Amino acid sequence: MQVTLLKSKILRAKVTDANIDYQGSLGIDSVWMDEVGLLPYEKILVGNLNSGDRFETYVIPCAADSGSINLNGAAARLGEVGDLLVIMSFAEVDASEAEGWEPKILILNRT
């Protein structure tokens, strides 16, 4: 049996840019992507802590150490600069691997 488990999470990522004139996606600082194991073009689920909106898109890397979180395309309509996001990816794993599973989690903008 396969189960879906949280693989990666970036919590409290602050939106730094929103660009409607782009094909879509969420741009993330590539250092943060590496830290939680997100791959370019990986499907993600995003929750906006300010509005409560949730949406799916994919990841594209932004410059290392830029601190960038960029809403692109249709996603740009689902948040504003300064909004805090929860960014999650999931993995399908065999149920036998579920015990002891640990997602990679990065918490930003602690206040």
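Only the coordinates and a few stated rules stand behind these numbers; no lab work does. Just so we're clear, the structure is a prediction, and the values are computed from it rather than from any experiment. Virtual Cβ from ideal backbone geometry, glycine too; neighbours counted across all protein chains shown.
Structure notes:
- Efficiency of FRET from Cβ geometry, residue 23 and residue 50, R₀ 25 Å, rounded to 0.05: 0.55
- Around the Cα centre of segment 2-91, unit charges on the Cβ atoms of Lys, Arg, Asp and Glu (plus for the first two, minus for the last two) sum to a dipole of about 320 debye.
- Fewest-first sequence of 43, 7, 104 by Cβ atoms within 10 Å of each Cβ: 43, 104, 7
- Cα centroid of segment 22-57 to Cα centroid of segment 1-21, whole Å: 4
- From helices alone, the chain scores -1500 deg cm²/dmol at 222 nm; the rule is -39500 (n - 2.57) for each run of n ≥ 4 DSSP H residues, then divide by the residue total.
- Computing Cα extents along the principal axes in Å for the structure here picks out one of [x] 66, 41, 22; [y] 43, 26, 25; [z] 39, 27, 24, namely [y].
- Sorted peptide list for 16-23, 93-100, criterion being average Cβ within 10 angstrom, highest first: 16-23, 93-100
- Antiparallel bridges, percent of DSSP beta bridges restricted to the chain (to nearest 5): 70
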